[in-house]
Amino acid sequence: MTAEIFPKVKTIDLRKKHIGPSCKVFFSHDPIKIVRAKGQYMYDENGVRYLDCINNVAHVGHSHPMVVKAGAEQMELLNTNSRFLHDNLVQYAQRLQATLPEKLSVCYFVNSGSEANDLALRLAWEYTGHKDVITLDNAYHGHVSSLINISPYKFHQLANAEQSKSVHVALSPDLYRGNYRQDHPDPATAYADDVNNLIQKAHEKGHKVAAFIAESLQSCGGQVIPPAGYFQKVAQHVHRAGGLFIADEVQVGFGRVGTHFWAFQLQGEDFVPDIVTMGKPIGNGHPMSCVVTTREVAEAFKNSGMEYFNTFGGNPVSCAIGLAVLDVIEKEDLQGNALRVGGYLTRLLEQQKEKHPLVGDIRGRGLFVGAELVRDRVKLTPATAEAQDIIYKLKEQHILLSADGPHRNVLKFKPPMCFSEEDADMVVEKIDQILTVENKSLSLFSKTPG
């Protein structure tokens with residue numbers, strides 16, 4: 001069974017004709033036409049099955065029957081906006097809050113991670129009365145204008161980009177290739193001091209900081225895991241300056257890290273953000289997202305005098321789907337699976353690091369893992385071309401993986417949470433075979449007279 005309407009060549013032609021040219025596809029040299037998906041597998045128009053290591057959106061697995069059923073049944077009954085009372089909205093808010101620290105008690109439901117982060121900035125601006133935002137280098141927080149301004153991952157791509165004077169870029173807390181690495185005695189303090197320096201420089205120019213925003217684990221920035229204690233120290237500096245701490249969980253929330261439901265909790269129980277944003281996995285592919293904050297921040301937003309209304313945010317269908325996703329995570333112990341399978345995948349990749357010089361670093365938590373490829377383990381020369389080569393060769397063997405980071409040399413593993421040890425075995429075995437050939441090529445290249 002397929003859902004194909006046009007032949008692939010016609011689909012490509014129509015896309016070029018009617019879809020904006022900035023909207024890129026995966027594997028642009030030979031794009032895949034996907035017509036259905038189930039669990040951790042996707043199928044093309046010819047029925048060829050691909051193992052999906054990319055999709056952290058299909059969090060509990062593509063087309064999960066419980067999620068599909070919940071959405072369809074509610075759609076048959078009612079879908080309307082949140083100005084009418086409906087139990088799905090309050091039940092979902094209650095369930096979501098139960099996964100978070102007690103002080104994070106007020107929800108605003110929206111439709112995408114970009115909407116969530118944009119609203120988080122509005123909350124911070126209104127609560128503090130300040131304007132400036134501190135973001136991390138290589139960060140990506142969304143596609144709307146306010147977020148492009150705080151996303152170096154995006155604005156560094158613009159040839160004539162002028163950084164907003166109200167945005168300050170802090171060092172990415174990267175322990176592998178950052179300014180302060182694993183051999184530093186206290187990298188958390190060193191990276192937090194960089195944030196404090198930015199605050200002081202802003203004050204010297206008469207600016208005031210409204211918020212520090214960071215993904216709890218950087219994704220587009222290259223699967224960066226901040227050192228323990230970093231967020232606590234940053235929060236102290238930011239709070240002292242009258243600002244708020246925004247934790248962006250759009251990529252990494254809902255149990256993906258295995259040990260905790262939220263990635264910010266990896267920093268310890270003594271760290272609680274002022275605002276948390278969530279998206280992607282929240283609806284398993286259904287467009288929904290959420291901002292959760294404290295009662296104090298919410299009251300300040302209300303006191304601005306401007307009503308907040310979102311046509312589709314928190315509608316009964318979205319909330320029914322959100323509830324079903326939470327049910328599946330719990331019923332199928334997907335957080336536990338992320339811990340077990342993620343640990344197994346990491347160990348397999350560590351073995352590849354021991355075997356292949358191209359593998360410079362393995363880092364991650366749960367089913368959020370990065371393998372950074374380098375041509376030289378001392379100079380950390382990015383193996384960008386090799387990473388792209390691996391991705392295309394894996395695709396030829398029906399495995400979908402992506403590469404990211406500022407040098408596009410970090411292989412990113414963020415599959416659906418039903419990913420199994422057998423899946424991990426298969427993808428790492430294929431990577432091993434490709435790397436073996438790559439290593440031979442590099443050895444021949446290094447022996448070729450210059």
**OP:** Kindly write out, for segment 408-420 in residue order, the coupling ³J(HN,Hα) from the Karplus curve 6.51 cos²θ - 1.76 cosθ + 1.60 (θ = phi - 60°), rounded to whole Hz, with x marking Gly and Pro.
**Re:** 6, 10, 10, 6, 9, 10, 8, x, x, 6, 8, 3, 10
**OP:** Keeping all protein chains in position, work out how much accessible area SER145 exposes to a 1.4 Å probe, and write it in Å² to the nearest 10.
**Re:** 90
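How large is the Kirkwood hydrodynamic radius of segment 91-140, in angstrom, based on all distinct alpha carbon pairs? Could the numbers behind the result be given before it?
Working: mean 1/r = 0.0773 Å⁻¹.
For segment 91-140, the Kirkwood estimate is 12.9 Å.
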Original post:
What accessible area per residue, rounded to a whole number of Å², is obtained for segment 1-60 using a probe radius of 1.4 Å?
Top reply: 65
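Note the direction-averaged projected area, equal to a quarter of the hull surface, for the Cα convex hull of segment 234-305, in nm².
Average of the hull's projected areas for segment 234-305 equals 6.0 nm².
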**OP:** Apply the Karplus parameterisation 6.51 cos²θ - 1.76 cosθ + 1.60, with θ equal to phi minus 60°, to every residue of segment 37-54 and state each ³J(HN,Hα) to the nearest whole Hz, in sequence, with x for glycine and proline.
**Re:** 8, 8, x, 9, 10, 10, 10, 8, 5, 9, x, 6, 8, 10, 7, 8, 9, 9
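Heavy atoms only, 1.4 Å probe, whole protein assembly: order TYR191, TYR140 by accessible area, highest first.
Numbers: TYR191 0, TYR140 60 Å².
Per-residue accessible area, sorted high to low, gives TYR140, TYR191.
Over 25 Å between C-alpha atoms is what I'm after, so list which of LYS103/LYS414; LYS395/LYS440; LYS38/LYS280 land there. Could the numbers behind the result be given before it?
Numbers: LYS103/LYS414 29 Å; LYS395/LYS440 21 Å; LYS38/LYS280 18 Å.
LYS103/LYS414, as the Cα separations exceed 25 Å there.
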Original post:
Over segment 65-331, how many percent of alpha carbon pairs lie in each 5 Å bin up to the one with the longest distance?
Top reply: 1, 6, 13, 17, 19, 16, 12, 8, 5, 2, 1, 0
**OP:** Keeping the other protein chains in place, figure out the carbon and sulfur percent of the accessible area of segment 354-420, with a 1.4 Å probe.
**Re:** 50
Subject >> P(r) of segment 291-394 over all Cα-Cα pairs, binned every 10 Å from zero, in whole percent >> reply: 12, 23, 20, 19, 19, 6, 0
Subject >> Alpha carbon centroid spacing (whole Å) that separates segment 368-389 from segment 82-128 >> reply: 38
**OP:** Quick one: check the C-alpha center-to-center distance for segment 1-42 versus segment 288-327, whole angstrom.
**Re:** 33
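Could you work out the helix-only [θ] at 222 nm for the chain, with each DSSP H run of four or more residues adding -39,500 (n - 2.57) and the total divided by the number of residues, to the nearest 500 deg cm²/dmol?
Numbers: 13 runs with 174 residues, N = 450.
Here the helix-only value at 222 nm equals -12500 deg cm²/dmol.
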**OP:** May I have the pair-distance distribution P(r) for the chain, computed from all Cα-Cα distances with 10 Å bins from 0 and rounded to whole percent?
**Re:** 4, 20, 30, 27, 15, 4, 0, 0
Original post:
Roughly what % antiparallel, to the nearest 5, for the DSSP beta bridges in segment 65-331?
Top reply: 40
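Could you grab the Rg to Rh ratio for segment 1-123? Cα atoms only, Kirkwood for Rh. It would help to have the intermediate numbers written out before the result.
On the way: Rg = 19.2 Å, Rh = 18.4 Å.
My calculation puts Rg/Rh at 1.04.
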**OP:** First select every other residue whose beta carbon is under 9 angstrom from the beta carbon of PRO415; then total the charges, Lys and Arg +1, Asp and Glu -1.
**Re:** -1
**OP:** In whole Hz, with x marking every Gly and Pro, tabulate ³J(HN,Hα) for segment 196-206 from phi via Karplus 6.51 cos²θ - 1.76 cosθ + 1.60, θ = phi - 60°.
**Re:** 4, 4, 5, 4, 5, 5, 4, 4, 4, 8, x
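First check a/c for segment 36-187, with a ≥ b ≥ c the square roots of the eigenvalues of its C-alpha gyration tensor; if it is under 1.5, answer rounded, and if not, answer prolate when a/b is larger than b/c or oblate otherwise.
Values: a/c = 1.94, a/b = 1.33, b/c = 1.46.
Judged from the Cα gyration tensor, segment 36-187 comes out oblate (a/c at least 1.5, b/c at or above a/b).
The values are calculated or read from the model by the stated rules, or taken from the named source; none is laboratory data. None of the values given here were measured: they were computed from a predicted structure. Reconstructed Cβ throughout: ideal geometry from the backbone, glycine too, with neighbour counts over all protein chains shown. We work out accessible area using only protein heavy atoms, side chains counted, and drop any ligands, DNA or RNA first. Shrake-Rupley method; radii C 1.70, N 1.55, O 1.52, S 1.80 Å.
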